[in-house]
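Notes follow the structure.
The values are calculated or read from the model by the stated rules, or taken from the named source; none is laboratory data. Predicted model only: the values in this text are computed from it and were never measured. Here Cβ is always computed from backbone atoms with ideal geometry, including for glycine, and neighbour counts include all displayed protein chains. The accessibility values were calculated without ligands, DNA or RNA, using every heavy atom of the protein model including side chains. Shrake-Rupley method; radii C 1.70, N 1.55, O 1.52, S 1.80 Å.
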Protein chains: 4
Amino acid sequence: MSERIGVWFVGARGSVATTTTVGALALRAGLAPPVGCVSELAPVARAGLPGLDQLVIGGHDIVGGSLIKRAEELATGGVMPSALLSALTEELGVVDGRIRAGIRSADGDQRAAAQRIEADLRAFRDDHDLSRVVVVDVSSTEAPATESPELHDLNRLESALDTGQSPLPASSLYAYAAFRAGCPVIAFTASPGPRLPALETVAGQAGVPWAGSDGKTGETLMKTVLAPMFAMRALKVRSWASYNLLGGGDGRTLADPTHAASKTATKAQGLEAILGHPVDGPLHIDYVPDHGDWKTAWDMVSFEGFLGTRMSLQFTWSGCDSALAAPLVLDLVRLISRAHELGESGPQPALGFFFKNPVGTDAHSLSEQWNALVQWCDRLSAAGQHP
Amino acid sequence: MSERIGVWFVGARGSVATTTTVGALALRAGLAPPVGCVSELAPVARAGLPGLDQLVIGGHDIVGGSLIKRAEELATGGVMPSALLSALTEELGVVDGRIRAGIRSADGDQRAAAQRIEADLRAFRDDHDLSRVVVVDVSSTEAPATESPELHDLNRLESALDTGQSPLPASSLYAYAAFRAGCPVIAFTASPGPRLPALETVAGQAGVPWAGSDGKTGETLMKTVLAPMFAMRALKVRSWASYNLLGGGDGRTLADPTHAASKTATKAQGLEAILGHPVDGPLHIDYVPDHGDWKTAWDMVSFEGFLGTRMSLQFTWSGCDSALAAPLVLDLVRLISRAHELGESGPQPALGFFFKNPVGTDAHSLSEQWNALVQWCDRLSAAGQHP
Amino acid sequence: MSERIGVWFVGARGSVATTTTVGALALRAGLAPPVGCVSELAPVARAGLPGLDQLVIGGHDIVGGSLIKRAEELATGGVMPSALLSALTEELGVVDGRIRAGIRSADGDQRAAAQRIEADLRAFRDDHDLSRVVVVDVSSTEAPATESPELHDLNRLESALDTGQSPLPASSLYAYAAFRAGCPVIAFTASPGPRLPALETVAGQAGVPWAGSDGKTGETLMKTVLAPMFAMRALKVRSWASYNLLGGGDGRTLADPTHAASKTATKAQGLEAILGHPVDGPLHIDYVPDHGDWKTAWDMVSFEGFLGTRMSLQFTWSGCDSALAAPLVLDLVRLISRAHELGESGPQPALGFFFKNPVGTDAHSLSEQWNALVQWCDRLSAAGQHP
Amino acid sequence: MSERIGVWFVGARGSVATTTTVGALALRAGLAPPVGCVSELAPVARAGLPGLDQLVIGGHDIVGGSLIKRAEELATGGVMPSALLSALTEELGVVDGRIRAGIRSADGDQRAAAQRIEADLRAFRDDHDLSRVVVVDVSSTEAPATESPELHDLNRLESALDTGQSPLPASSLYAYAAFRAGCPVIAFTASPGPRLPALETVAGQAGVPWAGSDGKTGETLMKTVLAPMFAMRALKVRSWASYNLLGGGDGRTLADPTHAASKTATKAQGLEAILGHPVDGPLHIDYVPDHGDWKTAWDMVSFEGFLGTRMSLQFTWSGCDSALAAPLVLDLVRLISRAHELGESGPQPALGFFFKNPVGTDAHSLSEQWNALVQWCDRLSAAGQHP
Ligand SMILES: NC(=O)c1ccc[n+]([C@@H]2O[C@H](COP(=O)([O-])OP(=O)(O)OC[C@H]3O[C@@H](n4cnc5c(N)ncnc54)[C@H](O)[C@@H]3O)[C@@H](O)[C@H]2O)c1
Ligand SMILES: NC(=O)c1ccc[n+]([C@@H]2O[C@H](COP(=O)([O-])OP(=O)(O)OC[C@H]3O[C@@H](n4cnc5c(N)ncnc54)[C@H](O)[C@@H]3O)[C@@H](O)[C@H]2O)c1
Ligand SMILES: NC(=O)c1ccc[n+]([C@@H]2O[C@H](COP(=O)([O-])OP(=O)(O)OC[C@H]3O[C@@H](n4cnc5c(N)ncnc54)[C@H](O)[C@@H]3O)[C@@H](O)[C@H]2O)c1
Ligand SMILES: NC(=O)c1ccc[n+]([C@@H]2O[C@H](COP(=O)([O-])OP(=O)(O)OC[C@H]3O[C@@H](n4cnc5c(N)ncnc54)[C@H](O)[C@@H]3O)[C@@H](O)[C@H]2O)c1
Ligand code: NA
Ligand code: NA
């Protein structure tokens, strides 16, 4: 019998986690085709990835409510067909039963909190006899971390935790606990998460692979194919305005400028990295509840061509954010699980394809990232078949 | 002293030829930076390309009028700054003096016509002591060629020409004569030109390199970066509507559906080749004189993601057609000249990057084409420096 | 007790008729608010209009199938919420039972056909004890009528019918029969219908009001507010390109150029009428099955301002065609029913507000049409309260 | 001989003033047609308006530089054709010579400043033997006025001025001085200007007409034709996002949020007034120097129709701000001059057609405003011909 693999969502009742959970159950029941799943494309699939039927889902969240209710709300908003849900009610209930109370940064003693998280992960692994547990952060975007020496040095961090201090943002506390429990981590949000020097040390000690950050699903995805086009054609981008309209839980969180700061930072970098110079132009994310989980992005690119001629390109992207994110989450779980199985450890730049702010690499162009991913999959594939 | 290279435009008084000519003169006089010139990007430039100051320009056209007048009209239409022209009046007059009367397909005896063209090319090469002459077809788009055995078999073609027949479209007659004169050919239009089996034989015998066809400058350029994005993300493109508005001489020609047929055929292929399945949706090119040389393309892509969710992407491309084409023409001249110098012969798939309907390759994705171009330039570079 | 009014759909199983039927039932059951219903706006409502609970629905169609099935298909396509339908199943079945077999133009003897239609209408009125029956043509768009003397002269028409000929398009045959049965007619399509001189005579003799033609619901609606803006600001519209993408039954019909000719003719007129000069630019309606009942229109307007400055406006309208049409159909039924009650007869220019090709008026500007409608409603209102 | 009328620009070297000046000179020299001039449309022209050849231009500004230089810069940016300028150099120089140093709010003693402004206006009127001088504020947008009792009560204002205080924003100081000099005022900006209760008293005492405020030239113009369309069709607007990109001097000023506050306030009101309920959605004005005087506005309207169906409309307006504003400035000058001639005094609601924030009226719908304007012109016309 093939091994079983755990998927542990931080933010397990959010839109992305709920859509991913419904999708995993629906796909393995043959109720929907794997559209949007990169891991089903031949050059990636050949890496020897685990099947969706091997996944066991659980997670943390700080809100209650039932998964099936969340799924129904999303279906009403057009994120998934209502018809799917009746067949999955029971299984969604089972996943619901595995969701544990999460933590908040403000919550008191972080040493105790980390121990509780770690214990939850270990219990999940043991209870379900899992070969490994992949922790996926799909919780609300946090504000950027406030600089402090504890974030840069593991010894200082440990001392701070030992003395009852709370130096970490919640996303980083989850990553800390996950690494300590020997779990691979996927940072799908723009929150600090594992991307603090002190935590990179923890990951190194644990010898687990991790990837991030901030899933690339819409406007930034477009930028990372369009900017290379301008570059390859020697056209000079003069300004690039980026406007995003979004409702839903994510929109609500990002309506708070301190939280949005993390996101606009990750969104902004690709352009400069690809074009080789800073590009003028506003970047807004506006919360419009009416739009629900649907993100409308309008971009206006002004560029200069031969003999100074001025031209423009504008696009309107109208995408369902969670439906774009969910298959990528499944891809990442399958890929990092395979990497873990083969003993890879540390940040995984080959997974940069999936992220706005890829760790360990400067490559932002989607086609370059694709080539890196495919080469990596070739390597994993050569490493022998998945049991 | 470095060698001199001829550039011979078929359609030398058209928008593209005029813009290219003005641009070549302006750039080498230091009056404008090489924006839009791919051959100035490091990985391409290293191929050892000839300088713009080595180029000597001439050509054929079937209309009279002066180049400087055409340039002034283009400047009024915003294709180039009027201010440039005063400094170039004299040099434009010199190029004007080298433009010879072209031929039309309907024109009588094609053997005689071909001989006249060939003689014009040889005279140009001799008079200016040129190492080579690159023939660039930037004349009006013709209708697709009517099938006939002469187009498939060189012996039959030669017999037909010997017996006073006129089996060739004009674009192909120019290519025939060019190959006979030992000239590399660039088919920048969607006309049949060199892309007839019988002519490929002529090119092979002459041992010259050639490239084509139909410069990729706007909507199709966009398609060949966006379609790979959908493919790499396993998103299913359900329909793709393509609308183009264009005035100018090119627009007028394409208002005739028989001529437009060549163009819509080249525009349509990339999508299916990249996505691996046919894609529904209209493709129109509409002539609106008011738009002049400015092409506005609006595309509406409808796609499906995870769990059947329907999304869309639309874009409006507002480009100056001739300003986009001209630097690519210069790139192609420099690249194929270098290839000729190094003894390359036959169709050059590595130049597919520049074309809607690339010869000798199935690669339509811009990034794949870029990689092929850069590799080829590496090879040219390794072959030794340009004298 | 208040009187009962019949609504008879030609094309009763089409998208528009089905959506209108579901809507009428849902609104009177209090299951949905009257969004989109002009007749619920105060200045129109005061005309003394009949209530939706007074309407009894029946009709003709040439296809079988059940209304509830059609409604379910539309709900799947997002035209209406599935949830509505369960509560209306029974009532929809009742309406279904009242749908009679329609006729086609090609069908043999038109005298007999007209008599059958007329008999169907009279039977409907008698069986349900209706004060009046409004006939609404929402069937597939026909090709423009072929010119013939019978269409211009009632005597000739009658003779032709008497001698077993078939001079009329189906839509006009329905209108003929309706007028003979003393029924007001609403021509919601671009088909010839009542708009033939010979039929206007029939309507005059019958003393019934009628209105048409071609419901104004999307791109043309936009044009009739934007063109007046340019006119009022003395801005010169230089070109206006209009592209429409549409699936559904209507899209399929209009994919046939002979049928589309009727529609593009009605769509084109408003612009010239408002601006006072012809306007260049293409107008396409493209059938893309994937789009279903959703019409996407993209328009690109190029205009000139002060000192020759060139500017542009583009818009993308993404509307659900049947959801836009249905409430207007209800409005028209209520308004023309009231007009009939008060003895109005002949074409009703005051209803031009609802149509692309308004009969009896040159007013195309939406605000002018609104003013005319409101004045007319004032007059109806003054005529005394509805019993 | 017909009388001469003064036009006095506050901000005489800005883009709008320069474009208006060039335009007035060009039109009266027959060098350009009156495109964009509402006052040339028959129903407005019949009001008996003064001709452009009667206008004498002068003004205040706080920057130096020459008008011809400013005009050349604008021509380079595409606001007007360079070719026009050579013929107007001399006349522009004459206008330049009439520009006096302006004042700033921060500048010391406002009583003295007001007296100097008033003296400048009187001198201009006397020197050129003008029947009247229309003062037009086209200077940089100021921040909203800080509330204070002096702004509400003329007595308190006068006392404050008498005691050397500076209670007024500069725009209001200009309006104060203009009214005292007996000049009609046009508030073309969103600055406080004449719209303070205390100043309305001054205008009343002076018996001069005035109009404002904030010229309606782009996005808001669109809103005031589109919102009525939704209202007349009973469609429910759910959200309306408004994004503006702008360079130029105006863009630079509005990049400062305190200044932009005035503008976003005037831009926001129309929608609610027309639709009768507040509408959610962001409204941004972003400064992108690269765009120059060209304003690109993208609006995304989400609306609901029958049975809850969700639809959208988006538009991209690409307009040249100063070219849109200039002819309206000329219209306003001619109209208010005529009103002054006929003894009209106080705020002129009939000129609301031209403004985002029309004084003395709640009408925001463009067609309603047009009707009011035309009626008013009928009245002016009836009052007898212009001498
Ligand atoms: N296309 C996409 O959807 C996309 C792309 C990139 C990144 N993201 C990111 O993914 C995350 C999830 O997006 P979403 O749309 O599902 O948002 P959401 O608001 O629907 O869900 C977030 C969930 O996280 C939970 N949560 C918040 N704080 C928590 C904590 N301390 N511990 C545990 N749970 C916590 C919330 O209760 C909620 O259930 C966001 O950060 C978003 O920015 C999404
Ligand atoms: N972005 C682009 O501009 C672009 C991209 C791809 C392909 N093209 C193609 O390049 C060609 C040129 O475009 P353009 O805008 O310059 O068009 P144009 O109409 O301005 O110029 C075409 C010129 O060809 C000349 N010509 C026509 N028949 C000829 C003949 N038999 N012999 C010699 N000359 C002849 C015409 O007289 C004219 O001067 C067109 O075929 C166009 O489709 C242009
Ligand atoms: N916004 C809009 O939906 C809109 C606006 C203006 C006009 N219209 C017109 O309204 C009409 C209906 O549109 P739809 O979307 O419902 O189309 P549809 O194709 O869904 O429905 C048309 C119906 O007419 C029936 N029909 C065809 N010929 C008939 C005949 N001879 N007798 C009786 N029935 C016949 C068909 O069987 C079908 O059920 C079309 O002509 C369309 O152009 C629609
Ligand atoms: N479509 C339009 O262009 C439009 C529409 C509505 C309103 N407006 C308003 O018109 C005004 C002018 O726009 P613009 O594009 O010409 O801007 P601009 O920046 O080009 O010109 C403003 C001018 O005002 C001058 N100025 C600033 N403070 C002054 C003072 N205290 N006294 C005298 N002069 C002063 C500046 O020096 C400058 O020359 C702005 O307030 C703008 O918001 C413009
Ligand atoms: Na061209
Ligand atoms: Na329809």
(message) Out of the residues in region B:234-268 meeting the condition of being of a type outside the set (Ser, Thr, Tyr) and in a strand (DSSP E or B), tell me which one is nearest to ligand 2 (Cβ to nearest atom).
(response) B:246
(message) Can you tell me which of (1) within 16 Å of the chain's Cα centre (by Cα); (2) assigned to a loop (DSSP other than H, G, I, E, B); (3) closer than 25 Å to residue B:34 by Cα is the one residue B:357 doesn't meet?
(response) (3)
(request) Answer yes if at least one residue in region C:195-214 is within 14 Å of another protein chain (Cβ to nearest Cβ), within 16 Å of ligand 3 (Cβ to nearest atom) and of a type in the set (Lys, Arg), and no otherwise. (result) no
(request) Select, from B:331, B:378, the only residue that is open to solvent by less than 40 Å² (accessible area, probe 1.4 Å), assigned by TED's automatic domain parsing to the domain that holds residue B:74 and assigned to a helix (DSSP H, G or I). (result) B:331
(request) Identify the residue in region C:20-48 that is assigned to a loop (DSSP other than H, G, I, E, B) and surrounded by 22 or more Cβ atoms within 10 Å (Cβ to Cβ) and, among all such residues, is farthest from the chain's Cα centre (by Cα). (result) C:47
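So that you can scan it fast, the table gives a plain yes or no per residue for (1) touching a strand residue (DSSP E or B) at 6+ places or on another chain (Cβ under 8 Å); (2) closer than 27 Å to residue C:342 by Cα; (3) of a type in the set (Lys, Arg):
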position	(1), (2), (3)
C:5	yes, yes, no
C:15	no, no, no
C:18	no, no, no
C:38	no, yes, no
C:41	no, yes, no
C:61	yes, no, no
C:70	no, no, yes
C:76	no, no, no
(request) Would you mention how many residues in region A:152-190 are assigned to a helix (DSSP H, G or I) and under 25 Å from residue A:336 (Cα atoms)? (result) 12
(request) May I ask you to verify whether residue C:315 is more than 16 Å from ligand 2 (Cβ to nearest atom), within 30 Å of residue D:330 (Cβ to Cβ) and surrounded by 24 or more Cβ atoms within 10 Å (Cβ to Cβ)? (result) no
(message) Can you report the number of residues in region B:246-297 which are within 14 Å of chain C (Cβ to nearest Cβ), over 29 Å from residue C:312 (Cα atoms) and open to solvent by less than 50 Å² (accessible area, probe 1.4 Å)?
(response) 1
(request) State all residues of region C:334-347 that are at negative phi and open to solvent by 10 Å² or more (accessible area, probe 1.4 Å); if no residue qualifies, say none. (result) C:334, C:340, C:341, C:342, C:344, C:345, C:347
(request) Among what's in region D:100-112 and is under 23 Å from the mean Cα position of the chain (by Cα) and open to solvent by less than 20 Å² (accessible area, probe 1.4 Å), pick the residue that is nearest to residue D:32 (Cα to Cα). (result) D:102
(request) Could you tell me whether residue C:315 is within 9 Å of chain D (Cβ to nearest Cβ) and without any contact (Cβ under 8 Å) to a residue 60 or more places away in the chain? (result) no
(request) Please go through region C:226-245 and pick out each residue that is among the charged types (D, E, K, R) and away from chain B (no Cβ under 14 Å). (result) C:233
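Residues checked against (1) buried (at least 21 other Cβ atoms within 10 Å of the Cβ); (2) within 16 Å of ligand 2 (Cβ to nearest atom); (3) among the charged types (D, E, K, R):
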| residue | (1), (2), (3) |
| --- | --- |
| C:2 | no, no, no |
| C:5 | yes, no, no |
| C:10 | yes, no, no |
| C:18 | yes, no, no |
| C:63 | no, no, no |
| C:66 | no, no, no |
| C:90 | no, no, yes |
(request) Starting from residues that are part of a helix (DSSP H, G or I) and over 17 Å from the mean Cα position of the chain (by Cα), keep the ones in region D:307-328 and report whichever is farthest from residue D:250 (Cα to Cα). (result) D:307
(request) Return only the number of the condition from (1) within 16 Å of ligand 4 (Cβ to nearest atom); (2) modelled with pLDDT under 95 that residue C:246 does not satisfy. (result) (1)
(request) Sort out which residues of region B:210-253 are under 20 Å from residue B:171 (Cα atoms) and away from ligand 5 (no atom under 14 Å from the Cβ), and write them in order of number. (result) B:210, B:211, B:212, B:213
(request) Write out, first by first residue and then by second, each pair whose Cβ atoms fall under 7 Å of each other, whose residues are 6+ apart or on separate chains, and whose first residue, in region C:136-158, is over 22 Å from residue C:58 (Cα atoms) and outside the structural domain of residue C:198 (by TED's automatic domain parsing) while the second is modelled with pLDDT under 95 and open to solvent by 70 Å² or more (accessible area, probe 1.4 Å). (result) none
(message) Given the condition outside any helix (DSSP H, G or I), more than 14 Å from chain A (Cβ to nearest Cβ) and out of contact with any strand residue (DSSP E or B) (no Cβ under 9 Å at 6 or more places or on another chain), answer yes or no: does some residue in region B:116-124 qualify?
(response) no
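To keep it simple, each residue is scored yes or no on (1) among the acidic types (Asp, Glu); (2) more than 16 Å from ligand 6 (Cβ to nearest atom); (3) under 17 Å from the mean Cα position of the chain (by Cα).
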| site | (1), (2), (3) |
| --- | --- |
| C:162 | yes, yes, no |
| C:187 | no, no, yes |
| C:195 | no, yes, yes |
| C:199 | no, yes, no |
(request) Please go through region D:196-233 and pick out each residue that is buried (at least 22 other Cβ atoms within 10 Å of the Cβ), in contact (Cβ under 8 Å) with a residue 24 or more places away in the chain and not in a helix (DSSP H, G or I). (result) D:196, D:208, D:209, D:210, D:211, D:212, D:213, D:214, D:215, D:216, D:217, D:218
